[in-house]
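First comes the structure, then the notes that go with it.
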Amino acid sequence: MRKCIYLSIILGMIGLMSSCFEDEGNYVYQELPEFYVDTVGKQLYFVLPQFSEITLESNLVYDGDKSGLEFAWSIYENIYMQSDVLADTLAKTENLSTTIEASPGNYIIEFCALERQTGIRATMRYYLTVESVVGTGLIVYYQQNGQADCDMIRSQLFNGGLTESTISKKLYSLANSDIPLTGEPVCIGSVSGTWIYLLTDSELVRLSTEDMTVTGEFEDLFLTVPEVCKPEGYYSLNGLEVLINDKKAYTLLIGMGGLQFPLARTILGDDYEAAPYAFVGWGVSALIYDETQGRFLLGETYSSEWQEIPFTDGCAFDMGNMEKDLVYMAQGYCDQNYAMYGYAVMETPGVPAERAVYVYTTAYNAAGTKGYAILDLAACNDIDEAAYWAFSTRSPSMYYATSTNIYLCNFNLTNWTVVPPTQPAWTCPAGEEITCMRLFSSSGLELKEDASCKYLLVGTYNGVEGKVYILGADVASGIITPEALEVYDGLGKIKDMQFKAQ
């Protein structure tokens with residue numbers, strides 16, 4: 001009986017298998033085309049600065065007709081490298097070539113190819129880290145085709161952590177395409193704090209140091225907005241910021257949060273007209289020059305007024321009664337510890353050949369601010385044509401430049417006399433004119449030696465494009481290299497250069 005049961009089961013199985021084989025012709029099988037993304041040996045992780053270009057090929061393998069496919073490149077915020085949120089669709093083409101405008105952070109770029117007829121998809125993900133476009137480097141401020149803009153030079157001379165020197169173009173206009181700057185560039189404001197300020201002769205904007213987007217315009221920066229927007233200069237040190245606007249000086253003191261210029265220091269009912277320079281000293285004191293009465297005025301530490309500076313016996317000159325025109329003013333070399341010297345280039349009104357450097361010491365109050373020495377520049381070549389100036393803080397040296405030549409002038413501090421130059425220290429190439437000159441004033445980043453005053457930065461213009469020449473400078477003697485260490489071209493007419501170290 002048991003044998004019969006087994007035999008029946010075996011016969012049944014044979015019958016079932018036979019029916020399957022006989023039914024083989026009742027089904028239609030379609031072989032699908034190859035459809036996948038081949039990323040073997042391809043780069044999947046990218047680190048790029050904001051506003052740089054990215055180009056990716058789909059690496060799609062597909063045996064069918066690609067006209068039946070839809071493509072999409074999407075970018076997702078990769079929050080904590082775990083979850084992701086769609087940020088934007090970058091393109092609907094098979095390959096990707098676009099500018100990355102996403103804010104600094106971590107992202108995923110996803111490629112998707114969709115076969116419309118079947119709904120089948122082939123996808124691939126790439127991981128992207130977007131770094132701040134500003135980062136660290138030399139910000140170059142210029143005008144080109146009637147538009148003010150900024151480039152950033154990232155040089156191994158300034159940052160030893162770089163593998164190569166590069167330049168990023170048009171940072172301001174890329175970040176603020178809907179807020180073009182109007183007017184002629186004046187200067188770059190602070191680049192060491194929370195904000196970057198860009199001044200034109202008719203506009204002032206405050207930028208984020210992270211991505212250079214505008215975070216405030218002129219009317220946003222004051223508790224009481226001045227009637228006229230005419231920025232002329234910006235200076236800062238140790239938490240004190242000074243803005244010269246329409247011949248008035250506005251200050252921002254420590255503790256005000258870096259958001260506004262709330263205090264207009266006054267004297268005699270605003271009876272002064274400030275030159276476009278300010279000297280910011282230790283102890284958050286500041287010095288300006290009153291053009292109407294030919295005198296220096298001091299903003300004492302935490303004071304709300306500009307104070308007259310009294311003359312005392314032993315001073316080399318009376319800072320309250322100069323009767324000169326101020327040409328330039330900046331910090332310079334100091335031969336004493338725990339002191340700060342200011343250097344002011346001044347001339348007899350209407351007589352540029354009669355120029356001299358007036359050296360003063362600064363203090364917390366007007367009584368401690370004194371005229372220290374006078375350096376006569378009459379014997380210096382082409383001094384009446386000098387338009388650009390730079391003082392070293394590491395040697396008793398000064399550079400001045402005409403439209404084509406740079407001169408080095410050394411000081412003898414024993415008797416405070418000038419060692420005049422005998423010939424130009426550097427001449428710009430034929431067809432170019434000097435438009436800007438700055439001494440590199442930062443210690444630099446990841447460098448074996450302090451880079452302060454080691455490089456003279458020169459901007460030139462030939463009527464079509466601007467160039468930046470980086471010249472080597474000896475910190476002890478001030479002597480500069482005859483050949484530029486690096487040259488960057490393709491800029492506009494350069495007005496200012498400032499290094500951003502963080």
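The values are calculated or read from the model by the stated rules, or taken from the named source; none is laboratory data. Not measured: the values here are computed from a predicted model. All Cβ positions, even for glycine, are placed from backbone atoms using ideal geometry, and neighbour counts span all protein chains on display.
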Checklist entry - What number goes with the only condition from (1) crowded, with 19+ Cβ neighbours inside 10 Å; (2) at pLDDT 95 or above that Ala366 does not pass? => result (2)
Next on the checklist: Give me the residue from segment 200-224 that is among the acidic types (Asp, Glu) and outside any strand (DSSP E or B) and, out of that set, surrounded by the most Cβ atoms within 10 Å (Cβ to Cβ).
Outcome noted: Asp211
Checklist entry - All but one of (1) under 24 Å from Val418 (Cβ atoms); (2) of a type outside the set (A, V, I, L, M, F, W, C); (3) buried (at least 18 other Cβ atoms within 10 Å of the Cβ) hold for Lys500; which doesn't? => result (1)
Checklist entry - In this structure, does Glu300 turn out to be modelled with pLDDT under 80, under 15 Å from Asn365 (Cα atoms), acidic (Asp, Glu) and touching a strand residue (DSSP E or B) at 6+ places or on another chain (Cβ under 9 Å)? => result yes
Checklist entry - Thr123 passes all but one of (1) in contact with a Ser or Thr (Cβ under 9 Å, 6 or more places away or on another chain); (2) of a type in the set (Ser, Thr, Tyr); (3) under 20 Å from Asp38 (Cα atoms); (4) surrounded by fewer than 17 Cβ atoms within 10 Å (Cβ to Cβ); which number fails? => result (1)
Checklist outcome for this item: Taking segment 128-174 and keeping residues modelled with pLDDT under 90, within 28 Å of Tyr76 (Cβ to Cβ) and of a type outside the set (S, T, N, Q) leaves Leu128, Val130, Glu131, Val133, Val134, Gly135
Checklist entry - Which one of Pro424, Pro429, Pro396 is surrounded by fewer than 16 Cβ atoms within 10 Å (Cβ to Cβ) and either in contact with a Pro (Cβ under 6 Å, 6 or more places away or on another chain) or of a type outside the set (Asp, Glu) (or both)? => result Pro429
Next on the checklist: When you scan segment 458-472, do you find a residue that is touching a strand residue (DSSP E or B) at 6+ places or on another chain (Cβ under 9 Å), exposed (fewer than 15 other Cβ atoms within 10 Å of the Cβ) and over 22 Å from Gly332 (Cβ atoms), even just one?
Outcome noted: yes
Next on the checklist: Among the residues of segment 260-268, are any buried (at least 20 other Cβ atoms within 10 Å of the Cβ), in a strand (DSSP E or B) and either at pLDDT 80 or above or among the aromatic types (Phe, Trp, Tyr) (or both)?
Outcome noted: no
Checklist entry - Can we say Asp88 is modelled with pLDDT of 60 or more, out of contact with any strand residue (DSSP E or B) (no Cβ under 9 Å at 6 or more places or on another chain) and either closer than 26 Å to Arg116 by Cβ or surrounded by 12 or more Cβ atoms within 10 Å (Cβ to Cβ) (or both)? => result no
